[in-house]
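Colleague: Here it is, the structure, as structure tokens.
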Amino acid sequence: MNKQPAVVNFAQEPMSVELREIDIPEIGPNDTLMEVAAVGVCGSDLHQWAGLHSWPVNYPVTLGHEFAGRIVKTGAAVTAFREGDRVCSETAAIIDPNSPMTRVGKYNLDPSRKGFGYGTHGAMTRYVKVPERCLHRVPDNLPLRYAALTEPCCVAFSAVVANANILPGDRIAVLGPGPIGLLCGALARMRGAEVAVVGLPQDQSRLAIAKEFGCIPLFSDQLKHWATERDGLGCEGVVDAAGVSATLKTAIDVVRPAGWISKVGWGRDPLGFSIDPLVQKNITLQGSFSHTWAIWERVLLLLANGSLDVSKIVGGSWSLDHWHEAFETMHSGKIAKAVLEVQPDLATFIHTKVPQ
């Protein structure tokens, strides 16, 4: 049998996603074939589903870039992995090895980069082709259903660790209580900051998760008071993790002079306001995109040792056949993160070493 079901985004128009039969991919010498255990639903998957994205998509394409599973086949040139290995994958599926960015280790910023789920087929299916260079071994005690969420954790790590300067005692505001915002809040707390995660009244359930991570849940109309109550000047840093452009103005308003903003949330709409305060306050505005190998290795250690409990953001699991229910539930804001368990037994299995 050479066909498999897949959640396919087939056009730019809203709701152009459906379950289709696609070919099981052939692999090249440097590739592996992964049996997908679980795949997370990302906000970008929802944006493509709703036709609200601002990035080019190679239609038709199988969605899904947050995934983990086990290797069932290896290419002739693959040396670091073998069949049966439990693995998760980075998102930069196609890169130019000769790009100046790739050569200095910043392949995530290669302008020709194409990722799973928009530039090439992703993992909302049973088997996916993954280049060996994208793979990371999953620690024995980490279930694959949580290893599948390594990617959003790495996005958050980039935003608040690699691309920000948080000192213990800093006051940090995170705008947007989606999965990335919640994980940014958790990691900022790990760095010793006092953190507020900011949302709207309809975000009650997600703000409750922020509180579980040790953050202060705030509504947007409470932010200004919280940000300025120490000395009237604002927060040391703001993480803009909202999926709209307008929150950048909020970030500029509440950050203190000489503070910083780490912008990780996408927003396709024009700004429509002056950014002169950015100049006047001498603010550092930092974009944060994707991640690198070293970040993945560090985040996997945090997940495996329990320092970062990603299970807090998971609101439910669905089968591949019920992808639409998963999308609708997450899009409604009732839960923070939906997970598709393609192979439920594999997704929840923990490898236990046999004593010697």
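The values are calculated or read from the model by the stated rules, or taken from the named source; none is laboratory data. Owing to the predicted nature of the structure, the values given are computational and were not obtained by experimental measurement. A quick note on method: Cβ atoms are made from the backbone with ideal geometry, for glycine too, and the neighbour counts reach across all protein chains shown.
Colleague: Would you please name the residue that is surrounded by the most Cβ atoms within 10 Å (Cβ to Cβ), looking only at residues in region 198-242 that are small (Gly, Ala, Ser) and in a helix (DSSP H, G or I)?
Modeller: Once the filter is applied, the top-ranked residue is 210.
Colleague: Follow-up. Condition first: of a type in the set (Ser, Thr, Tyr) and part of a loop (DSSP other than H, G, I, E, B). Now tell me which residues in region 243-274 satisfy that.
Modeller: Taking region 243-274 as the starting set, the residues that turn out to be of a type in the set (Ser, Thr, Tyr) are 245, 247, 250, 262, 274.
Across region 243-274, the qualifying residues are 245, 274.
Colleague: Okay, next question. Please enumerate the residues belonging to region 288-330 that are in contact (Cβ under 8 Å) with a residue 40 or more places away in the chain and over 28 Å from residue 7 (Cβ atoms).
Modeller: 297, 298, 301, 302, 304, 307
Colleague: Tell me whether region 32-46 contains one or more residues that are in contact (Cβ under 8 Å) with a residue 24 or more places away in the chain, more than 24 Å from residue 326 (Cα to Cα) and assigned by TED's automatic domain parsing to the domain that holds residue 127. Spell out how you get there, then give the answer.
Modeller: Step one: of region 32-46, the residues in contact (Cβ under 8 Å) with a residue 24 or more places away in the chain are 32-46.
Filter once more, keeping what is more than 24 Å from residue 326 (Cα to Cα): 32-33.
Add one more test, that the residue is assigned by TED's automatic domain parsing to the domain that holds residue 127, and what stays is 32-33.
Within region 32-46 (the criterion being in contact (Cβ under 8 Å) with a residue 24 or more places away in the chain, more than 24 Å from residue 326 (Cα to Cα) and assigned by TED's automatic domain parsing to the domain that holds residue 127), the answer is yes, since at least one residue qualifies.
Colleague: I'm trying to understand the selection: among the residues of region 111-157, which are among the polar types (S, T, N, Q), touching a residue at least 60 places away in the same chain (Cβ under 8 Å) and either surrounded by fewer than 24 Cβ atoms within 10 Å (Cβ to Cβ) or within 18 Å of residue 62 (Cα to Cα) (or both)?
Modeller: If the condition is that a residue be among the polar types (S, T, N, Q), touching a residue at least 60 places away in the same chain (Cβ under 8 Å) and either surrounded by fewer than 24 Cβ atoms within 10 Å (Cβ to Cβ) or within 18 Å of residue 62 (Cα to Cα) (or both), then 120, 125, 141 are the ones that fit.
Colleague: Shifting gears a bit: Might you let me know whether region 199-213 holds any residue that is in contact (Cβ under 8 Å) with a residue 60 or more places away in the chain and of a type in the set (A, V, I, L, M, F, W, C)? If you could, list the steps in order and put the result at the bottom.
Modeller: Pass one, region 199-213, residues in contact (Cβ under 8 Å) with a residue 60 or more places away in the chain: 202-203, 205-206, 209, 212-213.
Of the ones still in play, those that are also of a type in the set (A, V, I, L, M, F, W, C) are 209, 213.
Yes - at least one qualifying residue is present in region 199-213.
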